[in-house]
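Reading through the structure tokens given below for one structure.
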Amino acid sequence: MINAIVFLPLLGFLIAGLFGRVLGARPSELVTTGLLIVSALFSWVVFVQVALGHAPETAPVVANWISSGGLRIDWALRVDALTAVMLVVVTSVSCLVHLYSIGYMHEDPSRQRFFAYLSLFTFAMLMLVTADNLVQMFFGWEGVGLASYLLIGFWYEKPSANAAAIKAFVVNRVGDFGFALGIFLVFTLTGSVAFDTIFAAAPGLANKTIHVFGADWDAMTVTCLLLFMGACGKSAQFLLHTWLPDAMEGPTPVSALIHAATMVTAGVFMVARLSPLFEQAPVALTVVTVVGATTAFFAATVGLVQNDIKRVIAYSTCSQLGYMFVGIGVGGYALGIFHLFTHAFFKALLFLGAGSVIHAMHHEQDMRRMGGLRKDIPFTFWTMTIGTLALTGFPFTAGYYSKDGIIEAAYAASAHSSAATYGFMATVVAALFTSFYSWRLVFMTFFGVRGERDPDAAHGHDDHAHAADDGHGHDDHAPRESPLVMLIPLALLAFGALFAGLAFRNSFIGEGFAEFWNHSLYMGPDNHLLHEMEEIPAMVSFVPTLMMIIGFVIAWYMYIVDKAAPKRIADANPLLYKFLLNKWYFDELYDFLFVRPVFWLGRVLWKGGDGRIIDGLGPDGVSARVIDVAGRAVKLQTGYIFNYAFAMLIGVAALITWYLLEGVR
């Protein structure tokens, strides 16, 4: 069954990719979507059997992959509780995105290619989560990167889409470089890349040092920091986050697939999978906590003022990923995965709901040009409202149990960690901001009068605000609800956003924790975080809900009661407003520090190094000198006998002169 789950999406990719033009668009859609539905159903069966039914863990070997000296790497599919959770998340969201895309992409002439890319992406992600060793995981890791490049740049006729795809690919290579170094170091320390072997060796590496750059360093700290560097790239953490919002240039279903449950959660999954290593590196876990908390706060501040509906949700994703790393960093690996699980439902719901709004608005993405849509697209309105409730942590929704649990865990861990204290404070403030920008999105999109917040009359024109989602022009037809094939995924995801937390809280982080995870997540003997969470003051547990209420009230006042308030505040604080609107100027800073110098160096090496030195002194220079010499030698061949006789006479005279001089000596 596990083979079918993993390889059915690959089969769909091959059919749609190789034979799509012969089969046509509709058969390609149906084949890829049908195979993903089967894969998703099998994943739920595995989830019930392994995670809930406590079937024994397995790692069936597909083939021997690499044998080189003492290094042997088998291609094996690891199936444990953590894998089962990820299988459900990846295949469920992917099959719903496939189904949704049948309606959303119905006008696109390259649907076969699109569905082939979706299936390839899913296959790569499944290879990542079922990996039984680090090299196999790295294969899926890079496969996801390749597929995301293809999907983000799907509309390659748009320069902005090409630029976004390249940016995502290049920024991820920075993180992947660290991940690769981490894998090399793990092999150096343990002699293996297989999980079972390195996990067994991890406790013995706790105090081991390595000599690098003239100093001794804690081996596990360096290793885990390098591995976490890879996670920062894939999961768009602070400093390596810049690719994530630009990825909105891809079709909206791609945004849902990449940002909800798959690519961006790969880093979270990787750190959780390697929990036996990270438990031996408390300094690395501190860094994970600080980076996650900073990301949660940073992305939430930027989301406050964005006007593109997809970019608001993208920064929300970035912020929520920060929450997941805070949960993992304080030792709550199960909390991070639980939030990953619940987040998949409500974030995919919000992205696909945004796609339904964009579809109704004829590919308009600027929220300032929207308004009053709740009457035109009521089903989309209610499902997005459910997603917003779950995201903001409304009691008993999915986000209430997972996101609030992370905040409580950070508080519980703050008793013995200043990093956890910072994590608690940052996530509480981020919860307030999350509520504000989430309800701001709902109020600007579904309430008021359409177009009342004209971009030019309000805060100025945002260059990214209304880039057409697929290049289609805007028309004046009245908005209408999306077709049924797009609404069914919204309904299913809304159900998950409401009940996934309540249904699985006990298994993921409650009394059934140990039995559910069955050692697939490792928590050291001194890690009693889940127990300590139960002893925190009741007021602390209420703080996230209080932040949710305050954020809602502020958004309601500013966008329903006093609609002039946002402009007044922006005009009163122009520097802060522009600072947030321009995403803390990270793109401009990176352009100045890295992009321009690299382009300058490239031009110097191209024109000066390659053109003048290598070509000038090398092939071009040698060939030019040969031509010059040959040209002069050719002039000696005049065809006149007296010229040749004169040359012979000169030669004879020179020979006699040399002979005489040598004779004198």
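Taking all protein chains as they are arranged and a probe of 1.4 Å, the heavy atoms of GLU481 leave approximately 50 Å² accessible to solvent. Convex hull of alpha carbon positions in the range 1-135: directionally averaged projected area 8.7 nm². The relative contact order of the range 1-151 comes to 29 percent, based on Cα pairs under 8 Å that sit 6 or more residues apart. Using only alpha carbons, the chain has a radius of gyration to Kirkwood radius ratio (Rg to Rh) of 1.13. Take the Cα of THR242, step 7 Å toward its Cβ, do the same at HIS531, and the gap between the two points is 4.7 nm. Between the beta carbons of ASN518 and ALA565, assuming R0 = 56 Å, the FRET efficiency works out to 0.60 to the nearest 0.05. Taking a ≥ b ≥ c as the square roots of the eigenvalues of the Cα gyration tensor, the range 336-387 is prolate, since a/c reaches 1.5 or more and a/b is larger than b/c. Measuring with a 1.4 angstrom probe and ignoring ligands and nucleic acids, GLU57 comes out at about 80 Å² accessible. Evaluated over the Cα positions of the range 380-431, the convex hull gives a direction-averaged projected area, one quarter of its surface, of 3.6 nm².
Across the range 637-654, computed HN-Hα scalar couplings (Karplus, 6.51 cos²θ - 1.76 cosθ + 1.60, θ = phi - 60°) run 8, 8, x, 9, 5, 5, 5, 5, 5, 5, 5, 5, 5, 4, x, 4, 5, 5 Hz from first to last residue, x flagging Gly and Pro. Over the chain, Cα pairs under 8 Å with separation of 6+ residues give a relative contact order of 13 percent. Dimensions of the range 58-192 based on its C-alpha atoms, expressed as ranges along the principal axes with the largest first, amount to 53, 31, 22 Å. Heavy-atom accessible area, probed at 1.4 angstrom with all protein chains present, ranks GLU142, GLU249, GLU535, GLU511 as GLU511, GLU535, GLU142, GLU249, highest first.
Here r is the Cβ-Cβ distance between LEU575 and ARG26 and R0 is 56 Å; the resulting FRET efficiency, rounded to 0.05, is 0.60. Length gained on full extension, PHE495 to TRP44: 160.8 nm, using 0.36 nm per residue less the C-alpha separation. Working from the Cα coordinates of the range 249-305, the gyration tensor eigenvalues give, after taking √(5λ), semi-axes of 27, 18, 5 Å in decreasing order.
For the pair the range 404-425 and the range 614-665, the centres of their Cα atoms are 87 angstrom apart. Would you work out if the range 35-106 is rounded, prolate or oblate? Take a ≥ b ≥ c from the square roots of the eigenvalues of the alpha-carbon gyration tensor; rounded if a/c is under 1.5, else prolate when a/b is larger than b/c, oblate otherwise. Since a/c reaches 1.5 but b/c is at least a/b, the shape of the range 35-106 is classed as oblate.
Kindly provide log₁₀ I(q)/I(0) values, in the same order as q = 0.10, 0.19 Å⁻¹, from the Debye equation applied to equal alpha-carbon scatterers of the range 534-665. Once normalised to I(0) and log-transformed, intensities are -0.79, -1.12. Between the range 117-190 and the range 512-561, the C-alpha centres lie 31 angstrom from each other. With a/c under 1.5 counting as rounded, go ahead and sort the range 588-629 into rounded, prolate or oblate using the C-alpha gyration tensor (a ≥ b ≥ c being the square roots of the eigenvalues; past the cut-off, prolate if a/b is larger than b/c, else oblate). Prolate, because a/c is 1.5 or more and a/b exceeds b/c.
When you count the other C-beta atoms within 10 angstrom of each residue and take the mean per peptide, 408-414, 171-177 line up highest first as 408-414, 171-177. Across the alpha-carbon atoms of the range 160-315, the computed radius of gyration and Dmax are 17.2, 52 angstrom.
Accessible area of ILE358 (1.4 Å probe, protein heavy atoms only, ligands and nucleic acids ignored): about 0 Å².
Protection proxy ranking of 584-592, 66-74, by the mean of other Cβ atoms within 10 Å over each peptide's residues and highest first, is 584-592, 66-74. At an R0 of 35 angstrom, the distance between the Cβ atoms of HIS211 and LEU601 translates into a FRET efficiency of 0.65. Peptides 568-581, 419-432, 436-449 ranked from most to least packed give 419-432, 436-449, 568-581, packing being the mean of other C-beta atoms within 10 angstrom over each peptide's residues.
Placing +1 on the Cβ of every Lys and Arg and -1 on the Cβ of every Asp and Glu, with nothing else charged, gives the range 568-665 a dipole about its Cα centre of roughly 120 debye. The residue among VAL144, SER435, PHE513 whose Cα reaches farthest toward the positive pole of the charge dipole of the chain, with charges on the beta-carbon of Lys, Arg, Asp and Glu, is VAL144.
The values are calculated or read from the model by the stated rules, or taken from the named source; none is laboratory data. Treat the numbers as computed from the prediction; the structure is a model and nothing was measured. Virtual Cβ from ideal backbone geometry, glycine too; neighbours counted across all protein chains shown. Accessible surface is based on the protein model in full, side chains and every heavy atom, while ligands, DNA and RNA are left aside. Shrake-Rupley method; radii C 1.70, N 1.55, O 1.52, S 1.80 Å.
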